[in-house]
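So the structure is just underneath, and the comments pick up after that.
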Amino acid sequence: MTDQSAEKSPTTGTPQQGQKMWGGRFTARPDEIMQAINVSIDVDKRLWQQDLAGSKAHCAMLAKQGIISSGDSQIILNGLETITAEIEDGTFPFRAEFEDIHMNVEARLRELVGPVSGRLHTARSRNDQVATDFRLWVRDQVDITIQQLYDLQGALLKRAEEYADALMPGFTHLQPAQPVTFGHHLMAYVEMFGRDRSRFVDARARMNENPLGSAALAGSPFPIDRHDTAKTLGFDRPTGNSLDGVSDRDFALESLSHAAICAGHLSRLAEEIVIWTTPYFNFIRLSDAFSTGSSIMPQKRNPDAAELVRAKTGRITGSLIALSTVMKGLPLAYSKDMQEDKPPVFEAFDALDLAIRAMTGMVLDLQANRERMAAAAGAGFSTATDLADWLVRNLGIPFRDAHHITGAAVKLAETQGVDLAQLSLSDLQNLEARITDDVYKVLTPEASCASRQSYGGTAPDQVRLQIQRWKDLRS
């Protein structure tokens, strides 16, 4: 175990290598278990880019405000650039003895530039530092997610346009309900992922406030310019309350909430891909690029990518629950509990990133079996509602009565082992004498789909209208 003593340099009074940055108050080293539970560098070293960006912005601001000299500022900035290069090269000495990314950077800076490095921490605390770093990381990841969802929508639009008129059964309760088109079905997911994108865009706007300068919890007595660091770091404004600035994790919770909803949408589409690729449905086929085999059954083609996307939902939803539990009941301002805020967020966005990219790949890869889907579109008396609508439209029968007549027609067809379109006119007239042979025009899946001309309906021209609307929104 590295020596963790809190001894001071006899000449400078500053911590020496291997000593705690906060060691002046303490005379004994931490217990090994305390050290183990306290260290977070293996997790939060992912924040290195954000940590260095925040430090550079803070350093430049301190010099502008005359809080530190321009010479000291340049020495510190040069040291931070060296650290950036070391991390990028893989030569930076990450050390558990310095607990977290902030202390690792500060310790290395001291090794590189000497005592002047200590001026960097003027007017800031690890509390506002980590709040800033974490917010920057989540904002960066949200930007990536927004673009990934845009790409996924583009893939769905491409497939929807290709299959705008391809018949398939629409389901409720996973039972045949009414004919739709495959393009219409895919466009439902364009809408879902569009809402997901808008939620992330909204969340980004809310989180885009700068905690830096809140210091430990009460702000700073130095004449800092928080608007300057906010602008440098791409924030819209500084946070308005220092207590809230260091203790707020709403930005992470909100992002996880949106990630969980998005994962649910991904899981629904993944489940349908799993179903559609079975030989019993045979609606679509994934190429070898997105299929796997079996170690014992040579005939198998497993949609493992879809299954794993479906499973990622558990990780993402679990992360939301985990962080919600961490934050529950914490008094203001900062508590060490918040060290546990990053693992669930990192894990959730790692899972979401992979799931969206895998789903985009599968959508672009899949090929639909038009013939099989069209054959299934008329199964299960899927045009029964069209018969009821015809009775209302053409004979003026109240819908509830038309529903009853149609139910009787379905029962008769089921007894005869035929579809509704195969019932004879005399059979239908026995149920309602005014029915004419014009009724057969609505009893095919093609006619059913074509008739659904209401805005957002499944008629192919309506599907194409929605495709164009989304294209226009994206341009």
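The values are calculated or read from the model by the stated rules, or taken from the named source; none is laboratory data. All of these numbers come straight from a predicted model, not from anything done at the bench. Ideal geometry is used to build each Cβ from the backbone, glycine not excepted, and the neighbour counts take in all protein chains shown. Ligands, DNA and RNA are excluded from the accessible area calculation, which covers all protein heavy atoms including side chains. Shrake-Rupley method; radii C 1.70, N 1.55, O 1.52, S 1.80 Å.
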- Query: Taking H as built 1.01 Å from N, whose amide H comes closer than 5 Å to the amide H of residue 170, not counting residues under 5 places away?
  - Reply: 177, 178, 180
- Can you figure out the FRET efficiency of residue 308 with residue 433, using R₀ = 56 Å and their beta-carbon distance, to the nearest 0.05? 0.45
- Message: Output wanted: per-residue J couplings in Hz (rounded whole) for region 43-58, from phi through Karplus 6.51 cos²θ - 1.76 cosθ + 1.60, θ = phi - 60°, x for Gly and Pro.
- Response: 8, 8, 5, 5, 8, 4, 5, 5, 5, 5, 4, x, 5, 5, 5, 5
- Query: Applying the Karplus parametrisation 6.51 cos²θ - 1.76 cosθ + 1.60 with θ = phi - 60° to the phi angles of region 333-343, what ³J(HN,Hα) value in whole Hz is obtained for each residue in order, glycine and proline being reported as x?
  - Reply: 10, 8, 10, 5, 3, 5, 4, 8, 7, 7, x
- Query: Rounded to the nearest 500 deg cm²/dmol, what is the calculated helix-only ellipticity per residue at 222 nm for the chain, with -39500 (n - 2.57) per DSSP H run of length n ≥ 4?
  - Reply: -19500 deg cm²/dmol
- Task: Order these peptides, 368-378, 244-254, by their mean beta-carbon neighbour count within 10 angstrom, highest first.
- Result: 244-254, 368-378
- Message: Going by amide H atoms built from the backbone, whose H comes under 5 Å of the H on residue 210, apart from near neighbours?
- Response: 237, 239
- Task: Report the convex hull volume per residue for region 281-388, counting only C-alpha atoms, in Å³.
- Result: 204
- Query: Once Rh is set to the Kirkwood radius over Cα pairs, what Stokes-Einstein translational diffusion coefficient, in µm²/s, holds for region 421-475 at a temperature of 10 °C and a viscosity of 1.306 mPa s?
  - Reply: 118
- Integer Hz, Karplus 6.51/-1.76/1.60 couplings in order for region 310-319, x for Gly and Pro: 4, 6, 4, 4, x, 5, 6, 5, x, 5
- Candidates per trypsin sites (Lys or Arg not before Pro) in region 139-231, loop by DSSP, up to 16 other Cβ within 10 Å: none
- Item | Spatially proximal lysines relative to residue 411 (Cα-Cα < 21 Å; intrachain offsets below 8 disregarded) | 441
- Query: Say R0 is 22 Å: what FRET efficiency, to the nearest 0.05, do residue 453 and residue 370 get from their beta-carbon distance?
  - Reply: 0.50
- Item | Accessible area per residue, Å², the chain with all protein chains present, probe 1.4 Å | 46
- Cα convex hull of region 379-474, projected area averaged across orientations, nm²: 6.8
- Note on the structure: Sorted on mean Cβ neighbours within 10 Å (highest first), peptides 337-350, 277-290 come out as 337-350, 277-290
- Rounded to the nearest Å, what's the spacing between the alpha carbon centres of region 122-147 and region 28-79? Just the number, please. 14
- Item | For residue 459, distant residues with modelled amide H under 5 Å away | 452
- Would you list the P(r) distribution for region 35-119, with all Cα-Cα distances sorted into 10 Å bins from 0 and each bin expressed as a whole %? 18, 50, 26, 6
- Message: Sort 50-57, 311-318, 85-92, 465-472 by the packing proxy (mean of other Cβ within 10 Å over each peptide's residues), most packed first.
- Response: 50-57, 311-318, 465-472, 85-92
- Counting only protein heavy atoms, what percent of the accessible surface of the chain is carbon or sulfur at a 1.4 Å probe? 53
- Compactness check, the chain: C-alpha Rg relative to the 2.2 N^0.38 Å globular estimate gives 1.36
- Query: Expressed as a whole number of Å, what is the distance separating the alpha-carbon centroids of region 278-292 and region 199-262?
  - Reply: 46
